[in-house]
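What follows is one structure encoded as structure tokens, with my remarks underneath.
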Amino acid sequence: NAGVMQNPRHLVRRRGQEARLRCSPMKGHSHVYWYRQLPEEGLKFMVYLQKENIIDESGMPKERFSAEFPKEGPSILRIQQVVRGDSAAYFCASSPLDRMDLNSPLHFGNGTRLTVT
Amino acid sequence: AQSVTQLGSHVSVSEGALVLLRCNYSSSVPPYLFWYVQYPNQGLQLLLKYTTGATLVKGINGFEAEFKKSETSFHLTKPSAHMSDAAEYFCAVSDAAAGGFKTIFGAGTRLFVKA
């Protein structure tokens, strides 16, 4: 019963390159959330997706960042033209299809640690 | 919009001592509150959650939290700290988002346990 799978665990990119972070939710989960964690700042909400739909992207930077969750395959968080300030841990979480109430917890992956050199 | 404030970014206790991690929230009624724990290089795991009903909520690893509406607090406690409790703890609240829900996290409190 695999949990939320994120890959890669570690990603190093030079400034100006693109970073692609992947997240496969738990089986049966169709809601995916991306969070960014910086030291001493906790987790910042970035985006909430359901299959083929972006539900809430209020936490996404307006430029360079995009996310998708296609009908088939993992959710992808894409960062174009990375800068040093993008260095952080990026966590994906999922919740089930029938998450109709606010008290369902999130299931987290182990994160992708992005380092921009 | 909901928000969460965790008082104290670092807390240090001796092994066997009481653990108290503070969390205050702002929320419309009713709040849905959570505590998560994060061990190094891992994702977050649910410790406990408050929905409705009993205000004292018991979680895993001997932790519990009490919802106090009058104080808008949801502090996390454990009577006797163990070395394995050293981790970062996050208080969170669920927030309604268009078409679904999202969870808002506090900044976290790192717990150190001294032998």
I'm checking my understanding of the structure. Among residues of segment B:60-115 that are part of a loop (DSSP other than H, G, I, E, B) and open to solvent by less than 30 Å² (accessible area, probe 1.4 Å), which one is farthest from the other protein chains (Cβ to nearest Cβ)? B:A81
For segment B:34-47, enumerate the residues that are buried (at least 20 other Cβ atoms within 10 Å of the Cβ) and outside any loop (DSSP other than H, G, I, E, B). B:F34, B:W35, B:Y36, B:V37, B:Q38, B:L44, B:L47
Go through segment B:58-96 and report how many residues are among the β-branched types (V, I, T) and within 11 Å of the chain's Cα centre (by Cα). 2
Return yes or no: is B:Y36 closer than 19 Å to B:H82 by Cα and facing chain A (nearest Cβ under 9 Å)? yes
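Every residue, every condition in (1) under 29 Å from B:L111 (Cβ atoms); (2) open to solvent by 20 Å² or more (accessible area, probe 1.4 Å), yes or no:
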residue	(1), (2)
A:G16	no, yes
A:H29	no, yes
A:W34	yes, no
A:L49	no, no
A:R64	no, yes
A:P74	no, yes
A:R78	no, yes
Would a scan of segment A:36-52 turn up a residue that is touching a residue at least 60 places away in the same chain (Cβ under 8 Å) and not charged (D, E, K, R)? yes
Taking segment B:15-33 and keeping residues among the hydrophobic types (A, V, I, L, M, F, W, C), surrounded by 12 or more Cβ atoms within 10 Å (Cβ to Cβ) and assigned to a loop (DSSP other than H, G, I, E, B) leaves B:A17
Here the residues within segment A:1-52 that are part of a strand (DSSP E or B), small (G, A, S) and within 11 Å of another protein chain (Cβ to nearest Cβ) are A:S30, A:G42
B:S12 in a strand (DSSP E or B), farther than 24 Å from A:V47 by Cα and open to solvent by 50 Å² or more (accessible area, probe 1.4 Å): yes
State which residue is modelled with the lowest pLDDT when the search covers only segment B:10-30 and only residues that are out of contact with any strand residue (DSSP E or B) (no Cβ under 6 Å at 6 or more places or on another chain) and within 14 Å of chain A (Cβ to nearest Cβ). B:V29
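The values are calculated or read from the model by the stated rules, or taken from the named source; none is laboratory data. Bear in mind the structure is a predicted one, so any value in this text is a computation, not a measurement. Note: ideal-geometry Cβ built from the backbone for every residue, glycine included; neighbour counts use all protein chains shown. What goes into the accessible areas is simple: the full protein's heavy atoms, side chains included, and nothing from ligands, DNA or RNA. Shrake-Rupley method; radii C 1.70, N 1.55, O 1.52, S 1.80 Å.
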